[in-house]
Amino acid sequence: MIEYENLGVLNEFFARDYQKKFDEVLKKGGFILGNEVREFENRFATYCNSKFCVGVGNGSDALQLALRSFSFPAHSEVIVPSNTYVGTILAILNCGLRPILVEPDLGTYNLNPSNVEAAINKKTVAFMIVHLYGKCCAMDRILELAKTFNLKVIEDCAQAHGAKFKKKNAGTFGDFGAFSFYPTKNLGALGDGGCVITDQENLFREIKLLRNYGSGKKYFTERIGVNSRLDELQAGFLQVKLEKLDAINEHKRKLALIYHTELKGDFIKPEVHPDHYDVYHIFNVRHKRRDDLKKYLLEHEIQTEIHYPIPPHRQVALQGIIEQKPFPISEEIHSTTLSLPISYIHSENDIMRIVEVMNKF
């Protein structure tokens, strides 16, 4: 069986260094907002070419804290792609704001700048850009619109650790970049974790307050904050993994190249463009007989996933909240997309085997 992912096998590559880091943290006896968190924050900020990084509890909190830091009026509108993972939209709702869904580009799966301007009105306060599957959104036009209409830009980089657009890192285009370190990410922890990066010192200080009960000094509360802190153990493990992130990304890019060059034209593959450095957290293809293809591959001992089977506007929890209108591009993506194995655990031979089976479908 070629598994889609196996975190047990994946983390064997780092187990010795993880154990060493665990012993160090255990011996020090400090587990909350200590040296490991500060060291990871510094290292990740440097990696992203950002000035500041704040570790938080998870990627969802990273998005919510970024939004909360601006103190937008209640029910202000935030533009977000209509095909994103529902967590992006929940972050907006949980801040008392209104998500406005805009269709993506069918080739890149990222927000289509051509569709954005029509959605902007006097209630619009921000773009929440999603760099989906490990490909950066084309940011030029987005940033122009943000400047013209005085809008904030928050980047959801949960799948884009190390991805670049025109040699600039994901997360460094807007006011904030929000990252998840969920275990399956290219930079994954051994549990939940996240961070926010920014070049603006005032925003950096605000996030630091908000993540820790609104407190900059113990027992002194300056803001209505929350408890959302990246813990010392996860920060230590992430330091280990960060040293290997470029190697992980390059390995996935090599596997992606096989898919791109060897899969026949029946499968719609993700676009490749020289302006983009894609890190392929997910390698998806589209096919009109997606469900049959998934079943066929499993019969040949190849596991796949679907990211994502249900578009946000059809989620039960969002009925009556999301504007009920047609989202045909999102519908097309969600009904045809299939995610193929592309992990650090997979070899080039694994991918060639998958290609061989798929080309006979």
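Give the number of residues within region 80-101 that are farther than 16 Å from residue 284 by Cβ and touching a Pro at 6+ places or on another chain (Cβ under 6 Å).
4
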Original post:
From the list 329, 345, 321, which one is of a type in the set (Val, Ile, Thr) and in a helix (DSSP H, G or I)?
Top reply: 329
Subject >> Residue check for residue 204: modelled with pLDDT of 95 or more, of a type in the set (Phe, Trp, Tyr) and crowded, with 24+ Cβ neighbours inside 10 Å >> reply: no
Subject >> Matching residues, region 103-124, being closer than 10 Å to residue 79 by Cβ and free of Cβ contacts under 8 Å to residues at least 24 places away in the same chain >> reply: 115
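In region 82-102, which residues are assigned to a loop (DSSP other than H, G, I, E, B) and either under 22 Å from residue 122 (Cα atoms) or polar (S, T, N, Q) (or both)?
Listed by number, the residues that qualify are 82, 83, 84, 94, 95, 96, 97.
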Original post:
Being of a type in the set (A, V, I, L, M, F, W, C) and touching a Lys or Arg at 6+ places or on another chain (Cβ under 6 Å), is that true of even one residue in region 113-136?
Top reply: yes
Original post:
Just wondering, is there one or more residues in region 302-318 that are over 25 Å from the mean Cα position of the chain (by Cα), not β-branched (Val, Ile, Thr) and not in a strand (DSSP E or B)?
Top reply: no
Original post:
Would you say residue 311 is modelled with pLDDT of 95 or more, surrounded by 15 or more Cβ atoms within 10 Å (Cβ to Cβ), over 17 Å from residue 356 (Cα atoms) and outside the structural domain of residue 19 (by TED's automatic domain parsing)?
Top reply: yes
Subject >> Selection count, region 134-158, where residues are farther than 19 Å from residue 65 by Cβ and in contact (Cβ under 8 Å) with a residue 40 or more places away in the chain >> reply: 4
Original post:
Among the numbered criteria (1) among the basic types (Lys, Arg); (2) within 30 Å of residue 357 (Cβ to Cβ); (3) assigned to a loop (DSSP other than H, G, I, E, B), which single criterion is violated by residue 223?
Top reply: (2)
**OP:** Evaluate region 260-270: report whether one residue or more is outside any loop (DSSP other than H, G, I, E, B), crowded, with 20+ Cβ neighbours inside 10 Å and modelled with pLDDT of 95 or more.
**Re:** no
Original post:
(1) under 25 Å from residue 8 (Cβ atoms); (2) in contact with a helix residue (DSSP H, G or I) (Cβ under 8 Å, 6 or more places away or on another chain); (3) of a type in the set (S, T, N, Q): which one isn't true of residue 335, the others all being true?
Top reply: (1)
**OP:** Determine whether region 137-149 contains at least one residue that is over 26 Å from residue 10 (Cα atoms), outside the structural domain of residue 274 (by TED's automatic domain parsing), at pLDDT 95 or above and under 10 Å from the mean Cα position of the chain (by Cα).
**Re:** no
Subject >> Scope region 87-126; condition farther than 24 Å from residue 316 by Cα and crowded, with 24+ Cβ neighbours inside 10 Å; matching residues >> reply: 126
**OP:** Determine, yes or no, whether residue 134 is assigned by TED's automatic domain parsing to the domain that holds residue 220, surrounded by 21 or more Cβ atoms within 10 Å (Cβ to Cβ), closer than 25 Å to residue 37 by Cβ and at pLDDT 95 or above.
**Re:** no
Subject >> Residues of region 319-361 satisfying the condition of being surrounded by fewer than 18 Cβ atoms within 10 Å (Cβ to Cβ) and under 20 Å from residue 84 (Cβ atoms) >> reply: 319, 320, 321, 323, 324, 325, 326, 328, 331, 332, 335
Subject >> Residue check for residue 298: in contact with a strand residue (DSSP E or B) (Cβ under 8 Å, 6 or more places away or on another chain), over 20 Å from residue 135 (Cβ atoms) and in a helix (DSSP H, G or I) >> reply: no
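The values are calculated or read from the model by the stated rules, or taken from the named source; none is laboratory data. Owing to the predicted nature of the structure, the values given are computational and were not obtained by experimental measurement. No Cβ is skipped: glycine too gets one built from the backbone with ideal geometry, and neighbour counts run over all protein chains shown.
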